[in-house]
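All remarks here apply to the structure that follows.
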Amino acid sequence: MSISIPFDNSYTRLPSQLFRRHLPTPVPTPRLIEFNQALAQDLGIKNTSQDIELANIFGGNTMPDGADPIAQLYAGHQFGHWNPQLGDGRAIMLGEVVGPLGRRDIQLKGSGPTPYSRNGDGRAWLGPVLREYVVSEAMHALGIPTTRALAAVETGQPVQREKAFPGAVITRVAASHIRVGTFQIMAARQDLDGLKALYDHAVARHYPQANDPLAFLEAVIEAQAQLIVKWLSVGFIHGVMNTDNCTISGETIDYGPCAFMDNFHPMTVFSSIDRTGRYAYGSQPDIIVWNMAQLATSLIPLMPDTDQAVADFTKAVHAMPDRIQDLWLETFAAKIGIDDPQPEDAALINSLLKLMSDQNADFTNTFFDLSQGNARDQFTDRASYDAWHKGWKTRLNSNGNAEKIMQSVNPWIIPRNHQVESMIQSAVDGDYAPFHRLNAALKSPFAKREEDQDLSHPPLENERVLATFCGT
């Protein structure tokens with residue numbers, strides 16, 4: 001085999017109730033769509049393989065040396081409702097690698113049914129695979145913690161949803177796939193041995209400085225607070241912030257009905273299954289606090305004094321909204337060129353956001369144009385913008401770094417929904433050129449390029465994407 005993957009599979013050394021060993025289901029005619037060679041090098045993977053060999057490995061037909069494939073068990077709250085057993089229903093982790101990036105999971109998604117498939121076919125169709133590939137790599141380029149895409153493979157096998165679609169498998173890389181729901185299922189089953197082993201593993205892997213469950217909880221809270229504010233800063237809406245989609249590592253995971261806003265509105269929802277707006281753009285800070293409360297509850301059995309644990313964990317969770325607000329102020333102040341934010345700057349930022357919401361201003365383009373000195377064109381009531389602009393200029397005063405600060409945090413290009421959907425449709429029709437072009441353009445999100453100008457445009461009225469869908 002002309003690919004060498006430095007596997008070191010620590011998760012399979014945990015108690016067996018946390019996973020099931022299971023092989024991917026072979027596919028008839030795998031064909032490589034994309035292989036992320038740069039990421040492979042960062043993972044310490046040595047590769048001289050031909051495309052057909054890569055297609056067979058990352059389509060699930062051939063097991064690379066050292067792989068120990070498993071499906072992981074977890075539970076979760078889905079839209080606030082407890083589901084006592086979930087697990088990897090269409091994903092199989094090949095194993096873990098240790099390389100320049102540290103320890104990383106390598107997982108096939110869409111590789112066939114597992115013991116946790118719950119009567120599903122375990123497959124993915126091409127659209128969600130390409131969406132996850134493009135959006136996760138774009139998030140990485142934006143500097144947002146995320147799972148990564150190592151490969152995408154056509155299976156040559158149709159997947160039946162509302163109609164038949166071409167099947168595909170994505171290879172996902174993560175610091176780990178340990179979720180809040182992984183802790184929840186051990187706690188719900190009162191499996192103290194499993195819970196303790198999982199906790200020890202997660203601490204050693206992600207937060208070795210944490211010397212007890214409270215310190216671990218506080219570290220996860222900090223990672224999640226920073227992640228959610230980064231989402232808000234680029235107009236990203238996850239769409240399904242269930243506890244089974246919330247990682248202990250603080251990475252963005254599970255790009256199902258995710259989307260980036262075009263016009264700004266805090267209650268924007270795209271997910272077709274979010275009928276109440278639970279996971280709307282502006283609700284994400286509240287939901288992550290709720291998710292962390294569920295993690296805290298799961299950790300209580302590890303503490304010797306339950307009453308003290310409840311008091312300490314409650315204090316940690318209740319402190320999270322203020323921490324998110326502090327990070328939000330720091331992050332959004334930078335988006336308008338302020339590097340020394342003061343509490344009163346929140347009003348200045350919020351007044352701009354209200355103008356944007358009231359006048360349907362494009363989120364990404366408004367902030368980018370502000371860094372270029374021409375944001376006025378984003379507004380229909382320019383007099384109201386001019387009044388805000390005057391106050392903003394007064395606040396900036398003699399700050400000569402404002403333009404540089406803004407240009408470092410305000411992207412010119414994001415994976416806009418209509419461009420993603422257009423790219424998917426082209427691929428379904430057999431044309432992968434838009435996928436490759438979009439993926440390449442999003443690698444440099446802060447640099448304006450004339451040749452990619454069309455990819456930065458908001459959708460025309462007939463191009464708007466009003467709903468996004470889960471990939472199941």
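The values are calculated or read from the model by the stated rules, or taken from the named source; none is laboratory data. As the structure is a prediction and not an experimental result, all values here were calculated from the model. Cβ coordinates were reconstructed from backbone atoms using ideal geometry, including for glycine residues, and neighbour counts include every protein chain displayed. Just so you know, the surface numbers come from the protein's heavy atoms only, side chains and all, with ligands and any DNA or RNA stripped out. Shrake-Rupley method; radii C 1.70, N 1.55, O 1.52, S 1.80 Å.
The table below gives the values:
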read-out: Where a residue in the range 228-256 is under 12 Å from GLY76 (Cβ atoms) and its partner, wherever it lies, is among the aromatic types (Phe, Trp, Tyr), with Cβ under 6 Å and at least six apart; value: MET241/TYR279; ASP244/TYR74
read-out: The range 291-325, residues that are open to solvent by 70 Å² or more (accessible area, probe 1.4 Å) and under 23 Å from ALA188 (Cβ atoms); value: THR297, PRO304, ASP305, THR306, ASP307, GLN308
read-out: Condition met for ASN47 (open to solvent by less than 40 Å² (accessible area, probe 1.4 Å) and either in contact with a helix residue (DSSP H, G or I) (Cβ under 7 Å, 6 or more places away or on another chain) or within 22 Å of ARG123 (Cα to Cα) (or both)); value: yes
read-out: Members of the range 371-384 that are part of a helix (DSSP H, G or I), out of contact with any strand residue (DSSP E or B) (no Cβ under 7 Å at 6 or more places or on another chain) and open to solvent by 10 Å² or more (accessible area, probe 1.4 Å); value: GLN372, ARG376, ASP377, ARG382, ALA383, SER384
read-out: Residues that are among the hydroxyl-bearing types (Ser, Thr, Tyr) and in a loop (DSSP other than H, G, I, E, B), drawn from the range 252-297; value: TYR255, THR268, SER272, THR276, TYR279
read-out: Candidates GLY194, GLY181, filtered to the one that is touching a strand residue (DSSP E or B) at 6+ places or on another chain (Cβ under 7 Å), open to solvent by less than 10 Å² (accessible area, probe 1.4 Å) and either not in a helix (DSSP H, G or I) or not hydroxyl-bearing (Ser, Thr, Tyr) (or both); value: GLY181
read-out: Qualifying residue in the range 335-354 (condition: in contact with an Asp or Glu (Cβ under 8 Å, 6 or more places away or on another chain) and assigned to a helix (DSSP H, G or I)); value: no
read-out: Candidate set from the range 21-50 (those that are part of a helix (DSSP H, G or I) and farther than 16 Å from TYR133 by Cβ); member that is farthest from the chain's Cα centre (by Cα); value: GLN41
read-out: Any hit, the range 391-401, residues being open to solvent by 10 Å² or more (accessible area, probe 1.4 Å), without any contact (Cβ under 8 Å) to a residue 40 or more places away in the chain, assigned to a helix (DSSP H, G or I) and in contact with a helix residue (DSSP H, G or I) (Cβ under 6 Å, 6 or more places away or on another chain); value: no
read-out: Residue satisfying condition, being in contact with a strand residue (DSSP E or B) (Cβ under 9 Å, 6 or more places away or on another chain) and open to solvent by less than 10 Å² (accessible area, probe 1.4 Å), within set ILE248, ILE288; value: ILE248
read-out: Any pair with Cβ under 8 angstrom, 6 or more apart, that starts in the range 66-79 at a residue that is farther than 15 Å from ASP105 by Cβ and ends at one that is at pLDDT below 95 and open to solvent by less than 20 Å² (accessible area, probe 1.4 Å); value: PHE79/ASP274
read-out: Every residue from the range 439-472 that is farther than 16 Å from GLY235 by Cα and in a helix (DSSP H, G or I); value: ASN439, ALA440, ALA441, GLU450, GLU451, ASP452, GLN453, ASP454, LEU455, GLU461, ASN462, GLU463
read-out: Answer from ASP286, ASP274, ASP193 - the residue that is charged (D, E, K, R) and touching a Phe, Trp or Tyr at 6+ places or on another chain (Cβ under 9 Å); value: ASP274
read-out: Of residues in the range 262-299 being among the acidic types (Asp, Glu) and over 23 Å from PRO411 (Cβ atoms), the one modelled with the highest pLDDT; value: ASP286
read-out: Within the range 202-226, tally of residues that are in a helix (DSSP H, G or I) and either closer than 15 Å to ILE178 by Cβ or among the charged types (D, E, K, R) (or both); value: 14
read-out: Top-ranked residue of the range 428-472 - restricted to ones that are of a type in the set (Gly, Ala, Ser) and within 23 Å of the chain's Cα centre (by Cα), ranked as surrounded by the most Cβ atoms within 10 Å (Cβ to Cβ); value: ALA441
read-out: Residues that are of a type in the set (Gly, Ala, Ser), open to solvent by less than 20 Å² (accessible area, probe 1.4 Å) and within 16 Å of VAL234 (Cα to Cα), drawn from the range 263-282; value: ALA280
read-out: Selected residue (criterion: nearest to ASN242 (Cα to Cα)) from residues of the range 84-99 that are open to solvent by 10 Å² or more (accessible area, probe 1.4 Å) and touching a Gly at 6+ places or on another chain (Cβ under 6 Å); value: GLY89
read-out: Among (1) under 22 Å from SER233 (Cα atoms); (2) in a helix (DSSP H, G or I), the one test that HIS436 misses; value: (1)
read-out: Count of residues meeting criterion [open to solvent by 30 Å² or more (accessible area, probe 1.4 Å) and in contact with a Gly (Cβ under 7 Å, 6 or more places away or on another chain)] in the range 50-66; value: 1
read-out: Residue match in the range 369-378 (condition: at pLDDT 95 or above, in contact with a Ser or Thr (Cβ under 6 Å, 6 or more places away or on another chain), within 24 Å of ASN401 (Cβ to Cβ) and not polar (S, T, N, Q)); value: yes
read-out: Residue list for the range 298-309, restricted to those being aliphatic (A, V, I, L, M) and in a helix (DSSP H, G or I); value: LEU299, ILE300, LEU302, ALA309
read-out: Among (1) over 25 Å from ALA280 (Cα atoms); (2) surrounded by 22 or more Cβ atoms within 10 Å (Cβ to Cβ); (3) hydroxyl-bearing (Ser, Thr, Tyr), the one test that THR146 misses; value: (1)
